[in-house]
Amino acid sequence: MPGFPSPFGADDDLFDGYDEFVAEDLPRPGEFLDGHDVLAGADHLAFHRLTRECFEERTVYDMTFDYNLARLNLDTRHGDAGFRYAVERAGASDAVDPAQVDEDAVDGGEVDRVLRAEFTPTTAFCPQTHTLTIGAFRAWNGLSDRHEYDLVRVRAAPMHDQSEAVNDRLAELEESYLETGDVEAEGGESFGVGSNPTSGTGDASAGGRSTDAPF
């Protein structure tokens, strides 16, 4: 009698590859990316492969599925969940304000290349959204020497029931980072969003990794 597929990512047939851009298995770009240059095809794939490496180093893992959070983009069971990216247009009304940037905190004192990342969780009530988005922010910006962007801005998609509170917290962390250059700087202490903040090491998961984890 055939068994049921594991819900925890052991069956590779359930996943797209890191070299495959399958639009129907990705969330649609949301309002945080609107008006900016959304990555698709090879550009999306290149940054997402780098994301896998950054998340692995910083232990940004989804506790429900016990895998590197970058793999959620590939999980065909959750085709509307994961990250989408866009290069921020400098002239946009919602672009980073140069006045926010401390020249002693940011190399060169300028933020010329900004990437936006919008995270869509698997459900509107996902309790990990707060922790995972903060972990992603700290991974990308704490390992900024790995990519071409001066800043990666992160927000949760509005479908999440606490997206406003989560995004307020992410905006605080972003502001603190631009002022201090420290991804661990806490900024305001507005944690009332249903899950604990990430630890000081930047870890975004709890518990051990599965021996089946692909990374």
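Listed values, structure above:
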| item | result |
| --- | --- |
| Filter result for the condition that a residue is of a type outside the set (S, T, N, Q) and out of contact with any helix residue (DSSP H, G or I) (no Cβ under 9 Å at 6 or more places or on another chain), over F32, F47, F21, F137 | F47 |
| Odd one out for L178, checked against (1) at pLDDT 95 or above; (2) surrounded by 16 or more Cβ atoms within 10 Å (Cβ to Cβ) | (1) |
| Candidates T129, T120, filtered to the one that is of a type outside the set (G, A, S), surrounded by 14 or more Cβ atoms within 10 Å (Cβ to Cβ), touching a helix residue (DSSP H, G or I) at 6+ places or on another chain (Cβ under 8 Å) and at pLDDT 95 or above | T129 |
| Count of the stretch 49-70 residues which are outside any helix (DSSP H, G or I), modelled with pLDDT of 95 or more and polar (S, T, N, Q) | 2 |
| Whichever residue in the stretch 73-92 is assigned to a helix (DSSP H, G or I) and within 15 Å of F21 (Cβ to Cβ) and, among such residues, is farthest from the chain's Cα centre (by Cα) | T76 |
| Residue that is modelled with the highest pLDDT [pool: residues in the stretch 1-48 that are among the aliphatic types (A, V, I, L, M) and touching a Pro at 6+ places or on another chain (Cβ under 7 Å)] | V38 |
| Residue, modelled with the highest pLDDT, within the stretch 101-114, restricted to residues that are more than 22 Å from the chain's Cα centre (by Cα) and not acidic (D, E) | A105 |
| Meets criteria (of a type outside the set (A, V, I, L, M), farther than 20 Å from L39 by Cβ, in a helix (DSSP H, G or I) and under 15 Å from the mean Cα position of the chain (by Cα)) for N167 | yes |
| Close pairs from the stretch 80-102: first on the phi > 0 side of the Ramachandran plot, partner part of a helix (DSSP H, G or I), Cβ under 7 Å, at least 6 apart | G82/L72; G82/N73 |
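The values are calculated or read from the model by the stated rules, or taken from the named source; none is laboratory data. Please read these numbers as outputs of a predicted model, since none were measured by experiment. We place every Cβ from the backbone using ideal geometry, glycine too, and count neighbours over all the protein chains shown.
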